[in-house]
Amino acid sequence: MFVQCKEVSARERDACFYHFFSQYLKQSILKSPYKELEGEATVLFSVEKDGSVVLIRCVASSLYIRKEVQRTMEQFPKLIPAQQWGKPVRYFYHCRIRFN
């Protein structure tokens with residue numbers, strides 16, 4: 001979870017997470033010198049117990065977008081891990097991001 005989503009209701013938490021995740025990814029990729037940003041990527045990743053982000057799979061409409069998603073995910077800041085019964089747990093996310 002992003003710090004910005006910590007205070008939202010449980011019902012709104014997933015939408016908040018996906019919003020900040022896609023914004024972070026898009027902003028990081030837009031800083032790249034290449035402008036081949038038409039298309040989309042479907043990303044499967046996990047947030048580990050320690051808050052680290054692990055890319056599991058990325059399917060993208062171009063090789064460039066896939067490589068940029070991989071690069072950005074490797075540099076992703078630690079997040080607040082999900083909790084179950086008060087203990088941190090691994091949590092999986094599936095997200096589609098459009099670049100245009």
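Quick rundown of the values:
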| quantity | calculated |
| --- | --- |
| Scan of segment 53-93 for residues that are exposed (fewer than 14 other Cβ atoms within 10 Å of the Cβ), polar (S, T, N, Q) and assigned to a loop (DSSP other than H, G, I, E, B), ordered by number | GLN75 |
| Residue check, SER28 small (Gly, Ala, Ser), surrounded by 16 or more Cβ atoms within 10 Å (Cβ to Cβ) and outside any strand (DSSP E or B) | yes |
| Tally of residues being among the aliphatic types (A, V, I, L, M), within 17 Å of GLN27 (Cα to Cα) and without any contact (Cβ under 8 Å) to a residue 60 or more places away in the chain across segment 71-100 | 1 |
| For ARG11: the one exception among (1) farther than 19 Å from PHE99 by Cβ; (2) at pLDDT below 85; (3) crowded, with 17+ Cβ neighbours inside 10 Å | (3) |
| Candidate set from segment 52-70 (those that are without any contact (Cβ under 8 Å) to a residue 40 or more places away in the chain and under 12 Å from the mean Cα position of the chain (by Cα)); member that is nearest to LYS26 (Cα to Cα) | GLN70 |
| Contacts under 8 angstrom Cβ, first residue in segment 9-28 being free of Cβ contacts under 8 Å to residues at least 60 places away in the same chain, partner surrounded by 14 or more Cβ atoms within 10 Å (Cβ to Cβ) and not hydrophobic (A, V, I, L, M, F, W, C), 6 or more apart | TYR24/THR72; SER28/GLU68; SER28/THR72 |
| Some residue of segment 29-39 being over 24 Å from GLU7 (Cβ atoms) and in contact with a strand residue (DSSP E or B) (Cβ under 6 Å, 6 or more places away or on another chain) | yes |
| Members of segment 44-100 found to be within 15 Å of SER22 (Cβ to Cβ) and of a type in the set (D, E, K, R), listed by number | GLU68, ARG96, ARG98 |
| Hits in segment 83-98 (condition: at pLDDT 85 or above and either of a type in the set (Lys, Arg) or more than 30 Å from GLU38 (Cβ to Cβ) (or both)) | GLN83, GLN84, TRP85, GLY86, LYS87, PRO88, VAL89, ARG90, TYR91, ARG96 |
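The values are calculated or read from the model by the stated rules, or taken from the named source; none is laboratory data. Values in this document were obtained by computation on a predicted structure and should not be read as measured data. With ideal geometry, Cβ positions are generated from the backbone for all residues, glycine too; neighbour counts draw on all protein chains shown.
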